[in-house]
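> Next up is a structure, given as structure tokens.
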Amino acid sequence: MSTTSAKEFTETELIVCAAAKMLARSRTVFAGVGLPTLAVDLAHRTVNPDIQLIYESGVAGAHPESMAEGIADSVVVSGAEAVVNMHALFGYVLQGGNVDVGFLGAAQVDRYGSLNTTVIGDWDSPKVRLPGSGGAADIMANAGEVFVILRRHDPAALPAELDFTTSASPVRAAEHPDFIQPPGFGVSTVITPLGILRRRERLGELELTEVHPGVTVEQVQEATGWDLAVAEDVQQTQAPTAEAVRLLRDEIDTVRLYLR
């Protein structure tokens, strides 16, 4: 299948297509609304027709006929394999170890994969007040692994220290000997507009493993708020195929709610 040229796909389409490819072997995905939803939908149509989508509102095995605009959108219920209350979803499905991948967005990610979705700036007088955890803290603790997709890659989005820790990584938990280590691995992959970072060890830190077309390793390091580790064999992200871009534009996000 042919790939597109640099002028034929957007930055958002590139990162969504890269994320979709990573879901090729995942069985169950607990996805946040937005770019994660686009990635799961694209994966279902291309590399993984059997992928099972779970929504925080209590929907398991969702098969939406059109793109969901929120976790309570009626399209996520129609055709779903199960709809349960949130206690059952989090208690039996998520905490029961039945989610392979939690797929989240975030305002900030640190070097160990902790997330901030609460405030930017000082707690008492923040520059921006964000939605908060939602189910992210539970997903972080209990999903087999967590993917994070970011629309920005700069020191503000990937700082040396988070303004607030909403969803702590296993590394943060290990800093407190009285805390119980969560069963999940935490963040394994971060997809940004510049490249892909991966955390290979449970108590390790993120390292750069892929750069996107036209991006250098030095550019990614300069745009990161800490001394970013670099893998020995950094690869270049494969450009999206023309068919993947067509699916995103013409069948998945036809109203351009998330594509931009």
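> Please enumerate the residues belonging to the range 22-37 that are touching a residue at least 40 places away in the same chain (Cβ under 8 Å) and of a type in the set (D, E, K, R).
R27
> Tell me, which residue of the range 101-141 that is farther than 16 Å from R152 by Cα and under 13 Å from the mean Cα position of the chain (by Cα) is modelled with the lowest pLDDT?
A136
> Next up: Quick test of your reading of the structure: Y112 fulfils all but one of (1) free of Cβ contacts under 8 Å to residues at least 12 places away in the same chain; (2) under 26 Å from G195 (Cα atoms). Name the failing condition by number.
So the condition that Y112 fails would be (1).
> Restricting the search to the range 23-57, which residues are surrounded by fewer than 23 Cβ atoms within 10 Å (Cβ to Cβ) and farther than 25 Å from A137 by Cβ?
A24, R25, H44, R45, T46, V47, N48, P49, D50
> Okay, moving on. From (1) closer than 21 Å to F103 by Cβ; (2) in contact with a helix residue (DSSP H, G or I) (Cβ under 6 Å, 6 or more places away or on another chain), pick out the condition that doesn't hold for L228.
Tallying (1) closer than 21 Å to F103 by Cβ; (2) in contact with a helix residue (DSSP H, G or I) (Cβ under 6 Å, 6 or more places away or on another chain), L228 fails exactly one: (1).
> Looking only at the range 161-184, count how many residues are assigned to a loop (DSSP other than H, G, I, E, B) and either among the hydroxyl-bearing types (S, T, Y) or modelled with pLDDT under 90 (or both).
Selection size over the range 161-184: 11.
> Considering only residues of the range 212-238 that are in contact (Cβ under 8 Å) with a residue 60 or more places away in the chain and more than 18 Å from L158 (Cα to Cα), which is surrounded by the fewest Cβ atoms within 10 Å (Cβ to Cβ)?
Per the criteria, the residue is G214.
> Could you check I191 against (1) farther than 15 Å from M140 by Cβ; (2) out of contact with any helix residue (DSSP H, G or I) (no Cβ under 6 Å at 6 or more places or on another chain) and say which number it fails?
Among (1) farther than 15 Å from M140 by Cβ; (2) out of contact with any helix residue (DSSP H, G or I) (no Cβ under 6 Å at 6 or more places or on another chain), the lone unmet condition for I191 is (2).
> Are any residues in the range 244-256 surrounded by fewer than 15 Cβ atoms within 10 Å (Cβ to Cβ) and either touching an Asp or Glu at 6+ places or on another chain (Cβ under 8 Å) or part of a loop (DSSP other than H, G, I, E, B) (or both), and if so, which ones?
T254, V255, R256
> Is one or more of the residues making up the range 38-55 out of contact with any strand residue (DSSP E or B) (no Cβ under 6 Å at 6 or more places or on another chain), within 18 Å of L89 (Cβ to Cβ), among the polar types (S, T, N, Q) and free of Cβ contacts under 8 Å to residues at least 60 places away in the same chain?
Within the range 38-55 (the criterion being out of contact with any strand residue (DSSP E or B) (no Cβ under 6 Å at 6 or more places or on another chain), within 18 Å of L89 (Cβ to Cβ), among the polar types (S, T, N, Q) and free of Cβ contacts under 8 Å to residues at least 60 places away in the same chain), the answer is no, since none of the residues qualifies.
> Do you know which residues across the range 141-160 are in contact (Cβ under 8 Å) with a residue 60 or more places away in the chain, part of a loop (DSSP other than H, G, I, E, B) and not aliphatic (A, V, I, L, M)?
Matches in the range 141-160: R151, H153, D154, P155, P159.
> All but one of (1) touching a residue at least 12 places away in the same chain (Cβ under 8 Å); (2) part of a loop (DSSP other than H, G, I, E, B); (3) within 20 Å of the chain's Cα centre (by Cα); (4) over 18 Å from A106 (Cα atoms) hold for E201; state the number of the condition that does not hold.
(1)
> Among the candidates T241, T192, T165, single out the residue that is closer than 30 Å to N98 by Cα, surrounded by fewer than 22 Cβ atoms within 10 Å (Cβ to Cβ) and of a type in the set (S, T, N, Q).
Matching residue, one of T241, T192, T165: T165.
> Just wondering, is there one or more residues in the range 210-224 that are in a strand (DSSP E or B), of a type in the set (V, I, T) and touching a Lys or Arg at 6+ places or on another chain (Cβ under 8 Å)?
Among the residues of the range 210-224, not one is in a strand (DSSP E or B), of a type in the set (V, I, T) and touching a Lys or Arg at 6+ places or on another chain (Cβ under 8 Å), which makes the answer no.
> Moving on. Within the range 79-100, does at least one residue satisfy the condition of being within 26 Å of T237 (Cβ to Cβ), hydrophobic (A, V, I, L, M, F, W, C), touching a residue at least 12 places away in the same chain (Cβ under 8 Å) and touching a helix residue (DSSP H, G or I) at 6+ places or on another chain (Cβ under 6 Å)?
There is no residue in the range 79-100 that is within 26 Å of T237 (Cβ to Cβ), hydrophobic (A, V, I, L, M, F, W, C), touching a residue at least 12 places away in the same chain (Cβ under 8 Å) and touching a helix residue (DSSP H, G or I) at 6+ places or on another chain (Cβ under 6 Å).
The values are calculated or read from the model by the stated rules, or taken from the named source; none is laboratory data. Keep in mind that this is a model prediction, so the values were computed, not measured. FYI the Cβ positions are ideal-geometry reconstructions off the backbone, even for glycines, and counts take in every protein chain you see.
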